[in-house]
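Q: Below you will find the structure I want to go over with you.
The values are calculated or read from the model by the stated rules, or taken from the named source; none is laboratory data. Note that this is a predicted model, so its numbers are computed, not measured. Glycine gets a Cβ as well: all are built from the backbone with ideal geometry, and neighbour counts include every protein chain shown.
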Amino acid sequence: MNIMKRIFYLLSVISVMASCKGSENIPDASGTFEADEVIVSSELAGRILSLTLKEGDTLSKGTVAAVIDASNLELQKEQVEASIGALKEKTTNVAPQVKLLHEQITVQQSQLSTWEREKARTENLIKADAATPKQLDDINAQIDVLKKQMAVTNQQINVQLNNTSTQNRSILSEQPSLQKRVAQLQDQLQRSNVINPINGTVLTKYAQQGEITAPGKALFKIADLSTIKLRAYITGAQLPQVKLQQQVKVLIDNGAKEYKTYTGTISWISDKAEFTPKTIQTKDERANLVYAIKIDVKNDGYLKIGMYGEVNLSDK
């Protein structure tokens, strides 16, 4: 009978020790793991031509995650480029008309030179009483007519050049705005490729290839899980014990009675107190107000978003 009592006593001691295993270090705070999640959406409306990623895929920053149909934008761009090309066809080339007027001036100058020589010869004949003054007057009148004709021709050249230049400037003034429109359409065409913004893991896929999307409509959600954050809560009494970049010990359940330990770094401390969340138990459960802190923990693959974790403010 005594032997049986001793056996039952040892079994009870073992049971108590097992129930207390892992409870030697009472956590100073606790909370859940989270990550900076990025929801990626399209900037254009259209059919999704390509979206082959799957939930759990690891994507690199800068990779093309999806392609949106932008054929309508391509057609608009081609139309504007054609309009730019048509502007040159609308301009007037004044060179042929100006060339004719210059040729006319050349002929008039040749005629003027001839009459100038005739004038000089007539003046000499008058001195020798071999010609009359009326002949000289007729020659001077002819010279004046030629000079006026040359002046009119020069004026026509200037008017032609000015009018054509003004007309061409008015037509070509449309070109800068059309070129800006081309640049705008090119920018929109580039946005038809949805670029993954960060290195991370696809958490949720919201759309499928072939569906119609719209600007701002979510396509997938991604987060960098290489370093995950534990959002925990400490009391006002614990607040003086923590500082930014402080090394702490983070624990997660590893079976029923064991803990897996990580080293974490406090990256953020809230400057405002809040009421104790019902799902969070702190060391001092009687505290009405707590402060949130975030602890960066290097993820070895076992830490998950939403997982429960505990913190010892001392990393020893």
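Q: Being polar (S, T, N, Q) and free of Cβ contacts under 8 Å to residues at least 40 places away in the same chain is the filter here; which residues of region 229-248 pass it? Show your work before the answer.
A: Step one: list which residues in region 229-248 are polar (S, T, N, Q), which gives 235, 238, 241, 245-247.
GLN245 - this is the single residue of region 229-248 that is polar (S, T, N, Q) and free of Cβ contacts under 8 Å to residues at least 40 places away in the same chain.
Q: A further question follows. Considering only residues that are in contact with a helix residue (DSSP H, G or I) (Cβ under 8 Å, 6 or more places away or on another chain), exposed (fewer than 13 other Cβ atoms within 10 Å of the Cβ) and part of a helix (DSSP H, G or I), which ones fall in region 124-139?
A: Matches in region 124-139: PRO133 only.
Q: Given the options LYS5, LYS54, LYS77, LYS119, name the one that is modelled with pLDDT of 90 or more, of a type in the set (Lys, Arg) and part of a helix (DSSP H, G or I).
A: Details: LYS5 fails: modelled with pLDDT of 90 or more; LYS54 fails: part of a helix (DSSP H, G or I); LYS119 fails: modelled with pLDDT of 90 or more.
After applying the criteria, what remains is LYS77.
Q: Hey, any hits in region 210-221 for a residue that's surrounded by 14 or more Cβ atoms within 10 Å (Cβ to Cβ) and over 30 Å from ILE68 (Cα atoms)?
A: no
Q: In addition: Looking only at region 284-300, count every residue that is of a type outside the set (D, E, K, R), modelled with pLDDT of 90 or more and not in a strand (DSSP E or B) and tell me the total.
A: Result for region 284-300: 1.
Q: For ASN154, work out the one condition from (1) of a type outside the set (D, E, K, R); (2) free of Cβ contacts under 8 Å to residues at least 40 places away in the same chain; (3) closer than 30 Å to LYS88 by Cβ it doesn't fulfil.
A: (2)
Q: In region 222-230, is there at least one residue being surrounded by fewer than 17 Cβ atoms within 10 Å (Cβ to Cβ), more than 30 Å from ILE293 (Cβ to Cβ) and either at pLDDT 95 or above or not β-branched (Val, Ile, Thr) (or both)?
A: Among the residues of region 222-230, not one is surrounded by fewer than 17 Cβ atoms within 10 Å (Cβ to Cβ), more than 30 Å from ILE293 (Cβ to Cβ) and either at pLDDT 95 or above or not β-branched (Val, Ile, Thr) (or both), which makes the answer no.
Q: Continuing with the same structure: How do the pairs read when you match residues in region 172-199 that are assigned by TED's automatic domain parsing to the domain that holds THR92 with residues anywhere that are in a helix (DSSP H, G or I) and among the small types (Gly, Ala, Ser), using Cβ under 6 Å and keeping only pairs 6 or more apart or on different chains?
A: Filtered contacts from region 172-199: LEU178/SER83.
Q: Please tell me if VAL202 is of a type in the set (A, V, I, L, M, F, W, C), more than 37 Å from the chain's Cα centre (by Cα) and not in a loop (DSSP other than H, G, I, E, B). Explain how you work it out, then say what you get.
A: Working: of a type in the set (A, V, I, L, M, F, W, C): yes; more than 37 Å from the chain's Cα centre (by Cα): no; not in a loop (DSSP other than H, G, I, E, B): yes.
It is false that VAL202 is of a type in the set (A, V, I, L, M, F, W, C), more than 37 Å from the chain's Cα centre (by Cα) and not in a loop (DSSP other than H, G, I, E, B).
Q: Can you give me the number of residues within region 236-267 that are more than 21 Å from VAL290 (Cβ to Cβ) and part of a strand (DSSP E or B)?
A: Number satisfying all stated conditions: 7.
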